[in-house]
1. Take the alpha carbon gyration tensor of the range 66-162, find the square roots of its eigenvalues, order them as a ≥ b ≥ c, and report rounded if a/c is under 1.5; if not, report prolate when a/b exceeds b/c, else oblate.
2. In percent, what relative contact order does the range 74-140 have, based on Cα pairs under 8 Å that are 6 or more apart in sequence?
3. Nearest 0.05, what FRET efficiency do N59 and Q200 give at R0 = 30 Å with Cβ-Cβ as r?
4. So, for the range 19-119, what is the accessible surface per residue at a probe of 1.4 Å, expressed in square angstrom?
5. Please report the net charge: other residues with Cβ closer than 13 Å to the Cβ of L95, K and R +1, D and E -1.
6. Between K180 and N193, 0.36 nm times their residue separation minus their Cα-Cα distance comes to what?
7. 5 Å is the cut-off here: which amide hydrogens, built 1.01 Å from N in the peptide plane, fall below it relative to A32, excluding neighbours closer than 5 in sequence?
8. Determine the shape class of the range 86-131: with a ≥ b ≥ c the square roots of the Cα gyration tensor eigenvalues, call it rounded for a/c under 1.5, and otherwise prolate if a/b is greater than b/c, oblate otherwise.
Amino acid sequence: TTEIYTLSLHDALPICISDALKEGIDIGIAIATVSPAATENLRFVKSVVKSLVDKLPTNNTRYSVIIFGDQSFTKLTFQDTFPDDTSLKAFIDGLPGTTGASNLEKALKESLKLFTNALHKRPEHSRILLIFTDQPSSGNELNSIQLAKKLDDMGVQIIAVPIDMQGSREKLERVVQTRKNIINSNKDDVPGNVAQRIVQRASRGKTFFMTE
């Protein structure tokens, strides 16, 4: 059994490092903030992602970013680089919002392209897809399930983070590997705490280098 610890500057707890993660992590981020509270929710998501970068810095982690609504747009690929974490966080701050429905099918299709390209570059990397959304998902449910299966076959762990979502989470539940991979949140949560929950869930038998 792998023990999972967090590293704090205030307490020297040991960290068990999985051999699989010494080669690096690819984290895909898909964001849909399309509800009436979209502006506040997008600000919250950005804070969560920046906290995630603090815990999993770019020296051992590659990030990609998709924003989606009625359409899906890639804003950052795994091949894009930044000189430091501060530059990446500034990029995150500048992400625009989207409009329309939260089309999960299109987000998964775009994510599959990004992970497929990354797989050829660094096949040894661990792979995680984070889906942030504040509205029930639209798109063809069967196609979404099939796309999620392809991602799963590639070793991509899918974690969904609904934000203040009113309505059904059924479509999200059908694309994650387990319901435990749904991390409910709201814009009043502490972003660092949500990022920590994501890391702990993504760890499932693996342990990341983390800093706080």
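1. oblate
2. Averaging sequence separation for qualifying contacts and normalising by length gives 48 percent for the range 74-140.
3. Given R0 = 30 Å and the Cβ-Cβ separation, E is 0.90.
4. Per-residue value: 40 Å².
5. Local charge sum for L95: +4.
6. Answer, rounded to one decimal: 3.0 nm.
7. Here the answer is F68, F132, T133, D134, since their amide H atoms fall under 5 Å of that of A32.
8. oblate
The values are calculated or read from the model by the stated rules, or taken from the named source; none is laboratory data. Bear in mind that the values here come from a model prediction, so they are computed numbers and not experimental data. Every residue, glycine among them, receives a Cβ derived from its backbone with ideal geometry; neighbour counts consider all protein chains shown. These area figures cover heavy atoms from the full protein model, side chains too; ligands, DNA and RNA do not enter into them. Shrake-Rupley method; radii C 1.70, N 1.55, O 1.52, S 1.80 Å.
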